[in-house]
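Below is one structure, written out as C-alpha cells; the observations come after it.
The values are calculated or read from the model by the stated rules, or taken from the named source; none is laboratory data. As the structure is a prediction and not an experimental result, all values here were calculated from the model. For neighbour counting, all protein chains shown are included, and Cβ atoms are generated from backbone atoms with ideal geometry for every residue, glycine included. Just the protein is used for accessible areas: all its heavy atoms, side chains included, with ligands, DNA and RNA removed. Shrake-Rupley method; radii C 1.70, N 1.55, O 1.52, S 1.80 Å.
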Amino acid sequence: MDSEDDYIYGGESFDDDDDDFYSGETAMDSGYDFIDNESDDSDNLYSRRSQQNYSILNEADIHLRQEDNINKISSILSISNDAAAILLRHYNWSVSKVNDEWFANEEKVRRVVGLLEVPHALPNGKELTCGICFDEYPCDSTSSAACGHPFCVTCWQGYISTAVNDGPGCLMLRCPDPSCGAAIGQNMIISLASDDDRGKYHRYFLRSFVEDNRKTKWCPAPGCDYAVDFIVGGGTFDVTCHCSYSFCWNCTEEAHRPVDCETVSKWVIKNTAESENMNWILANSKPCPKCKRPIEKNQGCMHITCTPPCKYEFCWLCLGAWSDHGERTGGFYACNRYEAAKQEGVYDDTEKRREMAKNSLERYTHYYERWATNQSSRQKALADLQQMQNVHLEKLSDKQCQPESQLKFITEAWQQIVECRRVLKWTYAYGYYIPQHEHAKRQFFEYLQGEAESGLERLHQCAEKELQCYLNVEDAPSKDFNEFRMKLAGLTSVTRNYFENLVRALENGLSDVDARGGPSRTSGSRSLGGAGSSKSRTNKNKGTTPAPTARSRNIDDSGRWSCEYCTFANAKSAIVCQMCQHR
C-alpha cells in the first residue's frame, strides 16, 4: 500500500477473457452474506454462503482437463494432438489465446512455436549420418523430428535425458540441429526416453497445466498434491482445499479475510524483519562508549563493565568513565552529572528516540501477542473439533440416547469457533495499520472487535467447558441437555452475526464512521452487530438504557419474551437476554 490510510483490497480483479484475467475491471463480490434482521430468508442466505467460485483438482482431474483442451484445439485447428499440446504449452494452456493467435496469423504462430506446415521425412538411403556423433547408421536406427534432420537413437536418448534432467524446459524441446527450430512432440519423447525419464517428463507435463495456467494454482499446504482451479466471475479469494487447509488464492498466504493481501504481506514481513530487533535494542540497551556494542542492563547498580576484550567501565546513566564517578556523583545507584545534564537538555534527543522506539515496540507487541494467541487458540480448536468428530460425538450419542445427526449443532459450533479465531487473528493485523490520527475509526474498530471477541469467548467457553458435563455424565440422559442445545446453537448464531458484521465493516474500510468522529446515522444497528441501535450503545455513558417494554419484547402465552437478536426465550422478568446479553 502507498500509505497506511489506504485499505483497498489487495487482490486482482478478473474478466471473462483469459487475456484480461488480471485486468482489474471487474469488482469482486463480498464473500460474507450479512444477516438482515428484517429478513427471514435464511435458506437463501446459507445457499449463497455455500456457493464456491473454485474447484479442487486431483491428478486425474488435471489429466482429464489437459486431454480435453488438447482434443479441443486439435479438432478446431485440424492439427495433431502432438501439435495441439505444443501450442497449449507455449500459450500457457489458454485455449482462447491459442485460437486468437492462430486465426490472426497462423504462419507466425507456426514459426514461433516450431510447427512445420509440411513435415519432412528422413532422407532416402541405406545408411544415414547422425548429426551429433557423425557415425553412419541404418535408417531403422535413426529418427528425426518433423524437420527431417537424422540422429541416431543413442544420441536422441542422451539429448532427451539431458533435457529432462535439466527440468521443465524439456517440455519445449527443439531439434538438436543448431540451425533448426522444429519442436519435438510428446509422442517422440515418450517413445525414445527411458522409463525413468518418461516418468519425469509426464510429471513435468502434468505440473505445467497448473504452474503455467493463470487460473490454477497448487495448494500451498506442505505435502498436498491438490490444485485449485479458480472460477472467474465473482466471489472471494478464500479457498479451502480437500486437505482442510484454507488459503488466499490471490497471494497463497493462509486465508486472511477481511484483511487485504497487501496488509498481510506487510504484517508477515514485519514479523520476520530485523527492524523489530533493532527497535528492541534501541529501547532496551545502550552502546558501550568505547566499542559501541549494545549492552542490556536488567538489574544491579549503575557501574557497568563491558565484556572482554573491551572491559571498559562506565556509568549507565551518563555513559561517562566510571573513574570520574564516586560518592561525589551520587554513588552506585545515582548520577548527579546525568541529572544536571538532563535538565540542561543534553539527553533530550537520545531519550526521545529511545522513548519512541519503546512505544513503537510496545504497540507492535500488543498486536502481535494477540495475533499469535488467537492463532494458537485456533489450532487448539481445530484439534478439539477433530476429537469431537472422531471420538466424543459417538460417546455423547450413547450417553444422551440421541442419534449423531441430532448433535450436528456441536460440530457447527466448533467450526464457527475455528473460523472466528481466524478472522479475529487477522483483525489485529488490520488494527495495527490503522493510522494513529484516525481516532474515531480506531474507536469504532475496537468497539466492533470487542463485541465480536466477547461473543466468541462466550461461545468457546460453552462449547469447551459446559459440554464436558454431558460427556462425563454416568447416569441416565441429562434432562437439561435440550436447554444446552438451545444455548449453544443460539450462541453460535449470535457469534456468526457479530463476525459477519465485523468483516463487512472492515472490508468497507470502516466507512460507517462519519467525519464528525462517530458511527454514521445510516449505519444503524446492522453496523454494530445487529444487536441494537448505536444510540442504545452510546447511552451507557449518559445513563442506564431503559428496559424494553412488554410490547417490544413480544411476550408469548407462557410469559416469556423472545430476544429479537438471538430468538432465545427469556423469562418475563429478565431485562437482559440470558443468551446474548443484549437488551
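A compact table of results
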read-out	value
Above-threshold pairs, the threshold being 25 Å between Cα atoms, out of 108/200; 270/358; 297/352; 217/266	108/200
27 Å Cα-Cα reach of residue 399 towards lysines, excluding residues that sit fewer than 8 places from it in its own chain	380, 408, 465, 479, 487
Average projection area in nm² (convex hull over Cα atoms of region 186-228, one quarter of hull surface)	3.7
Simple spin-label estimate for residue 61 and residue 103 in nanometres, 7 Å along Cα-Cβ	3.0
Cα point-scatterer Debye curve for region 69-212, base-10 log of I(q)/I(0) at q = 0.18 Å⁻¹	-1.07
Stokes-Einstein translational diffusion, region 135-230 - Kirkwood Rh over all Cα pairs, 1.002 mPa s, 20 °C, in µm²/s	143
Reciprocal mean inverse distance between Cα atoms of region 63-131 - Kirkwood radius, Å	13.3
Percentage of interatomic Cα-Cα distances in region 376-504 larger than 19 Å	52
Relative frequency of Cα-Cα separations exceeding 19 Å in region 454-507, percent	38
Length released on extending from residue 296 to residue 111, taking residue separation times 0.36 nm less the Cα-Cα span	59.8 nm
Cβ charges +1 (Lys, Arg) and -1 (Asp, Glu), total dipole of region 90-233, debye	480
Spin-label pair residue 479/residue 126, simplified geometry with 7 Å Cα→Cβ offset, distance in nm	10.8
Probe 1.4 Å, accessible area per residue of region 62-112, Å²	50
In sequence order, calculated HN-Hα J values of region 108-123 (Karplus, 6.51, -1.76, 1.60; Hz; x Gly/Pro)	5, 4, 4, 5, 5, 7, x, 9, 7, 5, 10, x, 9, 7, 5, x
